[in-house]
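FYI, it's all coordinate maths here, none of it is from the lab. Because the structure is predicted, anything quoted here is derived from the model rather than measured. We place every Cβ from the backbone using ideal geometry, glycine too, and count neighbours over all the protein chains shown.
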Amino acid sequence: MPRRNRRPKTHSMKAFLNFIAWFTGMLISLAVGFAMIGDGVNQLLLPSWLGGAMASLIVGWIIVLLTLIGIITAIFSK
């Protein structure tokens with residue numbers, strides 16, 4: 001008699017691809033956040049009507065902190 005609750009073989013591949021997508025998103029978030037924090041020369045700036053350099057600095061730190069919280073949450077949720 002065949003077993004009905006057998007997991008398909010694609011489960012591990014799907015989990016791996018989900019991890020790759022999550023990891024890529026974390027790297028992109030950190031790259032954008034650190035680019036907005038920047039040293040002034042190579043800094044990613046918001047337009048002046050959105051707050052300019054000061055808003056970029058604040059938003060950059062928010063992105064970095066929330067990304068790190070997301071990483072920690074993902075690690076401890078397993």
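The C-alpha atoms of the chain define a longest principal axis, and helix 52-76 lies at about 20 degrees to it. Against the set [x] 0.97; [y] 1.57; [z] 1.28, the structure's computed Rg/Rh (Cα atoms, Kirkwood Rh) falls on [z]. The order of 56, 77, 12, going from fewest to most other C-beta atoms within 10 Å of their C-beta, is 77, 12, 56.
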